[in-house]
Structure formats: structure tokens, C-alpha cells
Amino acid sequence: DAVRYFVDEIYPLILREVNIPFKIIGRNPTDYIKSLGDDPNITVTGSVDDIRKHLNPGSIFITPMISGTGIKNKILEAMSMNLTVVSTKIGISGINAKNNHDFILADTPIEFKDAILRVYNDDKLNRKIAENARVFVKNNYSWQIASNKITHLIEKKTIK
């Protein structure tokens, strides 16, 4: 749904202003997603061994999700890799990051297009949000932070 929404509603708006390639990475792409690879602006990779080889510094990670719940680990992974994330409220739901600081919120096609073009055209802004995102993940989602939270919960339960 997110890819269809992006390709149908947002990407044409971007392409009217600048030709930015769109890469779809993920295992088991549907036939619809595979067919998008026929477009010279779109690359469909399917499964990859190492996501880091496909997400270059300066890339913009998008999550135009219009349905779904729970923390999206892909967003945290992208943030930890120093990438600017542009996401809908649904996509970023469960991640307590700050809009326009750790990521950029965009809930309409125009907002999404504007956010992408803003960071695409402003390297300094792109780097700043990407750096903030990495620090956010390090301070809130590192293995050490998670371990401390679990330990605290266990100790709290056993004291009672």
C-alpha cells in the first residue's frame, strides 16, 4: 500500500520538479512492485544481503505508510545509518522522535513531496536531520538502553 501510494500520489509530483531515482528494497516484492522496475527511474532490488550497500549517505529514507501499527524497525535502522527519514504519522508511530529534528513528518502527497525536495535540495539540512536521527537512535534504542530497560523491569517485578 505504501509503495502504491508513493508511486501513484507522490512520486509524479517530485518528477515534475526533479528526477530523483526511487529504490524499493525488501524481500518478496509483489508482482505489482516488480513491475515498477520497468520504469527507468525505479529500481526494485528484492531481498538484499546487506542493506548498507544500498543506502548511500545523503539518501532519503521514505515511509509513506497509510496503514499498519507498531514500531517500524526499518525506520530505526535507517536513522541509525545516518539517513534522513520522511514518514507519515502512521509510519513513525511508536517512535518518539521529534519532527523536523530527528525526522520529517509528511501526511499528504504535497507535504511528502515538499519534504523530500527540501532535504534533497539542502545538503546541510539533510546532514543535520540524519545526524540527529542517529543520535536519537543511539540514545533511545541501543542494545545497552534496551538491556537496561529489561533489567529494570525484571528487578522491579522480583522486588515485589
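The values are calculated or read from the model by the stated rules, or taken from the named source; none is laboratory data. Note that the structure is a prediction, hence the values are computed from the model and not measured. Note that each Cβ is placed from the backbone with ideal geometry, even for glycine, and that neighbours are counted across all protein chains shown. For the accessible areas, the whole protein counts, side chains as well, though only heavy atoms, and no ligand, DNA or RNA atoms are used. Shrake-Rupley method; radii C 1.70, N 1.55, O 1.52, S 1.80 Å.
Brief remarks on what is shown
- Consider the stretch 8-23 and keep the residues that are over 16 Å from the mean Cα position of the chain (by Cα) and among the β-branched types (Val, Ile, Thr). The one that is farthest from GLY46 (Cα to Cα) is VAL18.
- Remark: pairs (first residue in the stretch 129-158, farther than 21 Å from ILE62 by Cβ and free of Cβ contacts under 8 Å to residues at least 40 places away in the same chain; second residue hydroxyl-bearing (Ser, Thr, Tyr) and open to solvent by less than 80 Å² (accessible area, probe 1.4 Å); Cβ separation under 9 Å; 6+ apart in sequence or on different chains) = SER142/SER80.
- Selection count, the stretch 114-135, where residues are surrounded by 11 or more Cβ atoms within 10 Å (Cβ to Cβ) and either at positive phi or among the basic types (Lys, Arg) (or both): 4
- Conditions (1) at pLDDT below 90; (2) under 27 Å from ASN19 (Cβ atoms); (3) of a type in the set (D, E, K, R): number failed by LYS72: (2)
Residues are listed down the side, and each one gets a yes or a no for (1) within 26 Å of ASN28 (Cα to Cα); (2) within 14 Å of the chain's Cα centre (by Cα); (3) at pLDDT below 95:
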position: ASN56; (1), (2), (3): yes, yes, yes
position: GLY68; (1), (2), (3): yes, no, yes
position: ILE104; (1), (2), (3): no, yes, no
position: ILE110; (1), (2), (3): no, no, no
position: ALA133; (1), (2), (3): no, yes, no
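- The numbered conditions (1) among the aliphatic types (A, V, I, L, M); (2) within 15 Å of the chain's Cα centre (by Cα); (3) open to solvent by 50 Å² or more (accessible area, probe 1.4 Å) are all true for ILE154 except (2).
- Positions within the stretch 136-149 being in a helix (DSSP H, G or I), open to solvent by less than 100 Å² (accessible area, probe 1.4 Å) and farther than 24 Å from MET65 by Cα, in sequence order: ASN139, ILE145, ALA146, SER147, ASN148
- Selected residue (only one of ASN19, ASN73 is under 24 Å from ASN140 (Cβ atoms), out of contact with any Cys (no Cβ under 9 Å at 6 or more places or on another chain) and without any contact (Cβ under 8 Å) to a residue 24 or more places away in the chain): ASN73
- Breaking point among (1) in contact with a helix residue (DSSP H, G or I) (Cβ under 9 Å, 6 or more places away or on another chain); (2) under 19 Å from PHE22 (Cβ atoms); (3) free of Cβ contacts under 8 Å to residues at least 24 places away in the same chain, for ASN99: (2)
- Members of the stretch 137-156 found to be aliphatic (A, V, I, L, M) and farther than 19 Å from SER80 by Cβ, listed by number: ILE150, LEU153, ILE154
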